[in-house]
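Novice: Once you've had a glance at the structure underneath, I'll fire off some questions.
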Amino acid sequence: MTAERGLTRAAAHASALALGVVTRATGMLPPRLRYGYVYPLTRALLHQPLPAVQALGAGLKAEPATTPAPAGDLTCVLGVSALDIGGIGSVVELLAAGLPARGVTPAVVCLGDGMRAQRLREMGVQVRTVVDRASALSAFAELGPDVIQLHDAPSFVVAAARDSGVPLVSVLHNTEIHYSRTRWRRFSELLEHSVAAVAVSELVRSFHVGHVAVALRSRITVIPNAAHGSGLLAPQQRRDARELVERAVGGRFGDDVVFVCLARYDAQKNIAGTVASFLACVASGVPAQLVIAGDPSDWVEFRRADAIRRGSRDADRVHLLATSDGQTLIAAADAFLLNSYFEGWPVAATEAWAAGLPLILSDVGGARELVGRDPQRSVLVSNATGNASDVTDARVERSRWSAKRQQNSAELSEAIQRVVDTVHRERDVPVAPRDASAGVAATLDEHARLLRDTAAINTPDEAAQPGRFSGDQRGGTVRI
């Protein structure tokens, strides 16, 4: 049996090495080829069914109760890509749910339908799905907005928004390390046509400021993301959530400290490196397990992470799931871990913070702010590529190639041990969820104020005129 297990681990090591070579090769391709051709091909070749955790039931939802949206005196269309993928959809839903109370009637233009679109409709929010520039322009004309806010929207939605002649606000959700010179030129053109832009963290703002003309920099202000907490859960609800996750992973957690990571399997999230570093930590006897759940947008990344897992003697301490119910996973977890290469402001980490979990975050957009909210229990670790402000596509690919030897691995192991000790101290008296309502209200207030100021300006050129916005509205940071 021991020899058989050794052969199994050896085969997994070989698989991880081969997939690392594939990762290295695809990383040398331009992003448009990676995302447009390689990822769809590898999805077709490597796809496999994955277990997932469904919602436990009532009491775990982070979203506010759905109520009909009252009519406001200002209409804003939120333009976005797919609503059900990533944190951007959560931000759009938060805005759509909260802006009506501030006199702004929201509507959404997006790609495809889904659960989030249905929830928005149940709240009374108009949702239009579009497929091309013509359908997007028709949707804008039908909805008749006073202002359009773009959230990483597809290029044809951006083009239709510009064609509409409606004042624009662009929301910057990430440090776009994949952008080519052509993409940065397009972004600069969009910023020129936007009355204002919102960066979701100071790091995102500084990153974009470095790629645009000086005259445009003052249009970018910072409004941090926010998220509702799930509220106080009964001990039985937490036990039920933990048992549900145990069934999904096919194992038992016992007294181990359970870390959860809600992230896609792709180059940005550094899943293979996270798995390798976590396994190196628990190999020394640290009583912890890791549950990762997300969409395998890059199946090579998923398969490589799984091969690294299977090649370890502690393979049963890391569990890889498909996209799952985030609130159930957070309710089942003792701590939250995200070791990304780059982020704008991680919404899942914000939800975990609101639930009272200690965080381990790599140095990415929003990480310093979130860890700073709970510095005694949460830990910021270095970015696996080096300086967080200097992350590039090339540095990410070099770090991915060295997934088992990343430069922040030892620091991450120390952070895991520290958080495990914290959780053990708190087992008898767990930390209650935090009241995130003030932060949510501040985020919504600032978005509503910016939308009103934008709608009052007829042309983007007026945004550059002195006195159109006060100093704390343009080029500043909103503290939440």
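Novice: Write out, first by first residue and then by second, each pair whose Cβ atoms fall under 6 Å of each other, whose residues are 6+ apart or on separate chains, and whose first residue, in region 206-228, is within 15 Å of Ser188 (Cα to Cα) while the second is assigned to a loop (DSSP other than H, G, I, E, B) and of a type in the set (Lys, Arg).
Specialist: As it stands, the answer is Ser218/Arg474, since those pairs meet every condition given.
Okay, residues lined up against (1) surrounded by fewer than 23 Cβ atoms within 10 Å (Cβ to Cβ); (2) hydroxyl-bearing (Ser, Thr, Tyr):
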| position | (1), (2) |
| --- | --- |
| Trp345 | no, no |
| Leu361 | no, no |
| Ala367 | no, no |
| Thr385 | no, yes |
| Asp393 | yes, no |
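Residue-wise test of (1) among the β-branched types (Val, Ile, Thr); (2) modelled with pLDDT of 95 or more; (3) buried (at least 21 other Cβ atoms within 10 Å of the Cβ).
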position	(1), (2), (3)
His151	no, yes, yes
Glu176	no, no, no
Ser188	no, yes, no
Ser194	no, yes, yes
Val222	yes, yes, yes
Gln237	no, no, no
Arg247	no, yes, no
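Novice: Related question: Of everything in region 406-432, what is of a type in the set (A, V, I, L, M) and within 21 Å of Gly356 (Cα to Cα)? Give them in sequence order. Show your work before the answer.
Specialist: Filtering region 406-432 down to residues of a type in the set (A, V, I, L, M) leaves 410, 412, 415-416, 419-420, 423, 429, 431-432.
Across region 406-432, the qualifying residues are Leu412, Ala415, Ile416, Val419, Val420, Val423, Val429, Val431, Ala432.
Novice: In region 195-218, what count of residues is obtained for those that are assigned to a loop (DSSP other than H, G, I, E, B) and under 24 Å from the mean Cα position of the chain (by Cα)? Full working, then the answer.
Specialist: Within region 195-218, the subset assigned to a loop (DSSP other than H, G, I, E, B) is 195, 200-201, 210-213, 218.
Still in the running and under 24 Å from the mean Cα position of the chain (by Cα): 200-201, 210-211.
Here the count works out to 4.
Novice: Kindly indicate which of Thr328, Thr274 is touching a strand residue (DSSP E or B) at 6+ places or on another chain (Cβ under 8 Å), of a type in the set (Ser, Thr, Tyr) and buried (at least 24 other Cβ atoms within 10 Å of the Cβ).
Specialist: Thr274
Novice: While we're on this one: How many residues, within region 123-173, are charged (D, E, K, R) and out of contact with any strand residue (DSSP E or B) (no Cβ under 8 Å at 6 or more places or on another chain)?
Specialist: Step one: of region 123-173, the residues charged (D, E, K, R) are 128, 132-133, 142, 146, 152, 162-163.
Those still in the list that are out of contact with any strand residue (DSSP E or B) (no Cβ under 8 Å at 6 or more places or on another chain) too: 132-133, 163.
Total satisfying the criteria: 3.
Novice: Then there is this: For Thr23, work out the one condition from (1) within 30 Å of Arg116 (Cα to Cα); (2) at pLDDT 90 or above; (3) of a type in the set (Ser, Thr, Tyr) it doesn't fulfil.
Specialist: Among (1) within 30 Å of Arg116 (Cα to Cα); (2) at pLDDT 90 or above; (3) of a type in the set (Ser, Thr, Tyr), the lone unmet condition for Thr23 is (1).
Residues checked against (1) of a type in the set (Phe, Trp, Tyr); (2) part of a helix (DSSP H, G or I):
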residue	(1), (2)
Ser188	no, yes
Thr221	no, no
Cys261	no, no
Gly273	no, yes
Phe278	yes, yes
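Novice: Another question, then. Identify, from the list Ala415, Ala441, the residue that is closer than 28 Å to Glu93 by Cα, assigned to a helix (DSSP H, G or I) and either at pLDDT below 95 or out of contact with any Ser or Thr (no Cβ under 8 Å at 6 or more places or on another chain) (or both). Working first, answer last.
Specialist: Details: Ala415 fails: closer than 28 Å to Glu93 by Cα.
After applying the criteria, what remains is Ala441.
Novice: Suppose the filter is assigned by TED's automatic domain parsing to the domain that holds Val22, on the phi > 0 side of the Ramachandran plot and under 15 Å from the mean Cα position of the chain (by Cα); does Gly366 pass it? Don't jump to the end; show me each part of the working.
Specialist: Values: assigned by TED's automatic domain parsing to the domain that holds Val22: yes; on the phi > 0 side of the Ramachandran plot: yes; under 15 Å from the mean Cα position of the chain (by Cα): yes.
Yes, satisfied.
Novice: Next question, about the same structure. So, in region 118-138, exactly how many residues are assigned to a helix (DSSP H, G or I) and closer than 20 Å to Ala161 by Cα?
Specialist: First pass over region 118-138, keeping only residues assigned to a helix (DSSP H, G or I): 118-122, 133-138.
After this cut, where a residue has to be closer than 20 Å to Ala161 by Cα as well, the list is 133-138.
Looking only at that region, the number is 6.
Novice: Let me ask something else about it. Restricting to region 1-35, name every residue that is of a type in the set (A, V, I, L, M, F, W, C) and not in a helix (DSSP H, G or I). Working first, answer last.
Specialist: In the first step, residues of region 1-35 are kept if they are of a type in the set (A, V, I, L, M, F, W, C); the result is 1, 3, 7, 10-12, 14, 16-19, 21-22, 25, 28-29, 33.
Scanning region 1-35 gives Met1, Met28, Leu29.
Novice: So, one more: Which of the residues belonging to region 280-302 are aromatic (Phe, Trp, Tyr) and either buried (at least 24 other Cβ atoms within 10 Å of the Cβ) or outside any helix (DSSP H, G or I) (or both)?
Specialist: Within region 280-302, the subset aromatic (Phe, Trp, Tyr) is 299, 302.
If the condition is that a residue be aromatic (Phe, Trp, Tyr) and either buried (at least 24 other Cβ atoms within 10 Å of the Cβ) or outside any helix (DSSP H, G or I) (or both), then Phe302 is the only one that fits.
The values are calculated or read from the model by the stated rules, or taken from the named source; none is laboratory data. No experiment lies behind these values; they were computed from the predicted model shown. Glycine gets a Cβ as well: all are built from the backbone with ideal geometry, and neighbour counts include every protein chain shown.
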